[in-house]
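Structure, as structure tokens:
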Amino acid sequence: MEDAWQDLAGLLADVGDHDGQHLEFQRAVGEHLPETLVAMTNASGGRVVVGVTESLPRRLVGSRSEQDVRERVAALAGATHPPVPVRTEVHRVGRARVTVVTVAALPTGFAQTADGRVLLRSGRANRVLYGTDLVTFVTEAAGQPVEDTVVTSATTADLDLPTVQGWLHRRTGSPVEASRVGPLLAELGLVVSRRPTLACLLVLGQQPQRFARRLGIVVTRYAGPLGTAEVRETREFPGRLPDAVAAATRLLAEVAPEHPTAAVRELLLNAVLHRDYARAGEPVTVRLHTDALEVSSPGTLPVAVDLAAPGGALHERNRRLAGLFRDLGLTAGAGTGLATARAALADVLMQPPVLEQRDGAVVARVAAASAASVEERAWLAALPDVPDGMAARLALLLARRDGDVTNESLRTATDTSTTESRRVLRLLVAGGLLRVAGDRRPTRYALSDVRLREQVPPLP
């Protein structure tokens with residue numbers, strides 16, 4: 001038994017407090033644990049914390065003896081088809097035992113419960129697949145991913161050796177000689193009989209577009225708002241996918257600085273990593289209008305993605321490509337891209353991206369409008385230790401504009417609950433940015449220091 005956390009607060013600070021795509025709390029090891037194990041392994045993995053209440057606020061309830069827990073988890077995981085790969089760790093938290101079951105994503109194929117059901121993790125729910133969704137998912141999972149198909153017209157000589165050696169160095173932790181490159185790539189499933197796979201070529205190739213045409217990024221600038229047909233400029237970015245993402249991001253930072261660069265980059269990464277590579281000859285397209293930016297990723301939504309689920313699309317359609325990008329330090333992991341984009345947009349008081357399926361593609365649209373002027377955004381950026389999220393920034397902005405902010409005015413501006421807006425205001429008070437102004441009802445909050453109102457850096 002390990003002692004990883006002294007108390008429940010430490011555990012929750014480490015693993016999180018809310019059920020989601022990769023986390024679930026269960027009071028005890030019960031008969032419904034296999035459903036969560038199957039759902040998570042069919043998606044992108046996750047963790048189940050046993051011995052903590054399902055409802056908020058969380059409370060420790062503990063679990064049975066370590067041996068009993070391990071045997072029970074092993075039996076339930078082993079009863080699925082195939083057995084779900086899990087790692088079971090029992091920790092002492094305070095005076096209670098808490099079990100953390102880590103679920104790995106299946107690299108190929110799919111898992112079923114003992115009674116034959118196929119489930120997918122969708123936000124914090126386990127979704128049972130039926131009908132065409134079931135047929136589509138099973139077909140995709142059982143077949144060879146397009147990213148793993150061998151490009152027969154290319155050889156390992158078409159790979160960029162310094163790039164490959166740099167990637168292998170990051171992955172293995174030590175330099176790799178040229179003579180070892182081929183065998184290592186074959187061992188990793190990226191090369192078959194000296195022929196690279198599509199994923200290998202798109203990330204590590206010298207000129208991948210010679211063999212896989214138009215699988216890069218195309219940016220088109222329009223002369224007016226959404227719906228305008230007049231084109232000002234079209235630029236195509238071929239080459240290795242990481243280079244294409246970087247080049248397209250630089251262009252958009254130059255011609256559309258109103259869109260946060262961090263958000264644009266994450267949307268482009270999300271598009272190239274989740275697109276359908278069976279759609280040969282169709283690039284990721286960016287449409288830049290005067291009032292919005294749209295990033296279009298070819299292909300329909302995978303069955304495993306539910307845009308209505310909390311967090312949106314949390315699924316790796318191309319796991320090999322995603323792994324290559326992670327090894328290169330370009331992404332953090334499954335489900336983090338859209339969250340990063342939302343946070344970057346919230347920092348400048350812009351609405352989160354709207355995702356929809358349209359014309360055989362998944363489109364992410366970001367409106368160019370911000371709730372703050374350029375001067376106000378500079379003022380917010382200069383404030384110390386502002387909590388993450390749009391609500392905190394809007395609260396400060398309202399206090400600056402109107403002299404004070406109330407729970408009601410913040411709730412109206414952000415369309416959040418009374419509880420959430422009250423939490424944000426109290427957080428800003430605790431952080432020294434706001435203070436309670438007077439004793440009238442409703443409670444009013446003003447900037448803690450009048451000097452904050454004028455604290456604006458010189459604009460470039």
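Tabulated results
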| read-out | value |
| --- | --- |
| Per-region count, the stretch 23-40, residues in a loop (DSSP other than H, G, I, E, B) and either surrounded by 14 or more Cβ atoms within 10 Å (Cβ to Cβ) or in contact with a Cys (Cβ under 8 Å, 6 or more places away or on another chain) (or both) | 3 |
| Some residue of the stretch 298-320 being at pLDDT 85 or above and in contact with a Lys or Arg (Cβ under 6 Å, 6 or more places away or on another chain) | yes |
| First in the stretch 79-90 and assigned by TED's automatic domain parsing to the domain that holds Gly30 and over 13 Å from Glu35 (Cβ atoms), second anywhere and among the acidic types (Asp, Glu) and surrounded by 14 or more Cβ atoms within 10 Å (Cβ to Cβ), Cβ under 7 Å, 6 or more apart | Val90/Glu66 |
| Lone unmet requirement of (1) more than 22 Å from Gln112 (Cα to Cα); (2) outside any helix (DSSP H, G or I); (3) among the acidic types (Asp, Glu) for Asp68 | (2) |
| Whichever residue in the stretch 348-372 is in a strand (DSSP E or B) and either in contact with a helix residue (DSSP H, G or I) (Cβ under 6 Å, 6 or more places away or on another chain) or of a type outside the set (Val, Ile, Thr) (or both) and, among such residues, is surrounded by the fewest Cβ atoms within 10 Å (Cβ to Cβ) | Arg358 |
| Some residue of the stretch 236-243 being part of a helix (DSSP H, G or I), modelled with pLDDT under 95 and not hydroxyl-bearing (Ser, Thr, Tyr) | no |
| Looking only at the stretch 102-137, and only at residues there that are touching a Ser or Thr at 6+ places or on another chain (Cβ under 6 Å) and closer than 24 Å to Cys200 by Cβ, the one that is surrounded by the fewest Cβ atoms within 10 Å (Cβ to Cβ) | Ala105 |
| Selection from the stretch 207-235 of residues that are part of a loop (DSSP other than H, G, I, E, B) and closer than 23 Å to Leu161 by Cβ | Gln207, Phe211, Ala212, Leu215, Gly216 |
| Tally of residues being part of a helix (DSSP H, G or I) and of a type in the set (Gly, Ala, Ser) across the stretch 252-302 | 4 |
| Test result for Glu140, within 27 Å of the chain's Cα centre (by Cα) and either charged (D, E, K, R) or surrounded by 13 or more Cβ atoms within 10 Å (Cβ to Cβ) (or both) | yes |
| Counted residues, the stretch 112-162 - those being within 11 Å of Ala39 (Cα to Cα) and either part of a loop (DSSP other than H, G, I, E, B) or in contact with a helix residue (DSSP H, G or I) (Cβ under 6 Å, 6 or more places away or on another chain) (or both) | 10 |
| Residues satisfying the stated conditions in the stretch 169-198, i.e. part of a helix (DSSP H, G or I) and out of contact with any Ser or Thr (no Cβ under 9 Å at 6 or more places or on another chain) | His169, Arg170, Arg171, Thr172, Ala178, Ser179, Arg180, Pro183, Glu187 |
| Pair list, Cβ < 6 Å and 6+ apart or interchain, from the stretch 236-264 residues that are without any contact (Cβ under 8 Å) to a residue 12 or more places away in the chain to residues that are of a type in the set (S, T, N, Q) and part of a helix (DSSP H, G or I) | Ala253/Thr261 |
| Members of the stretch 415-446 found to be crowded, with 18+ Cβ neighbours inside 10 Å, within 26 Å of the chain's Cα centre (by Cα) and not in a loop (DSSP other than H, G, I, E, B), listed by number | Ser421, Val424 |
| Failed item in (1) more than 14 Å from Pro34 (Cα to Cα); (2) over 27 Å from the mean Cα position of the chain (by Cα); (3) of a type outside the set (D, E, K, R), with Thr99 passing the rest | (2) |
| Filtered residues of the stretch 25-55 (kept if within 21 Å of Ser65 (Cα to Cα) and of a type in the set (Asp, Glu)) | Glu31, Glu54 |
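Yes or no, residue by residue, for (1) in contact (Cβ under 8 Å) with a residue 60 or more places away in the chain; (2) of a type in the set (S, T, N, Q); (3) surrounded by fewer than 16 Cβ atoms within 10 Å (Cβ to Cβ):
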| position | (1), (2), (3) |
| --- | --- |
| Trp5 | yes, no, no |
| Leu12 | no, no, no |
| Gln21 | yes, yes, no |
| Asn42 | yes, yes, no |
| Arg47 | no, no, no |
| Gly51 | no, no, no |
| Pro57 | no, no, yes |
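Every residue, every condition in (1) in contact with a strand residue (DSSP E or B) (Cβ under 8 Å, 6 or more places away or on another chain); (2) not assigned by TED's automatic domain parsing to the domain that holds Asp291, yes or no:
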position	(1), (2)
Gly360	yes, no
Ala392	no, yes
Arg411	no, yes
Leu447	yes, yes
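The values are calculated or read from the model by the stated rules, or taken from the named source; none is laboratory data. Here the structure is a predicted model, which means the values were calculated and not measured. Don't worry about glycine lacking a Cβ; one is built from the backbone with ideal geometry, like all the others, and counts go over all protein chains shown.
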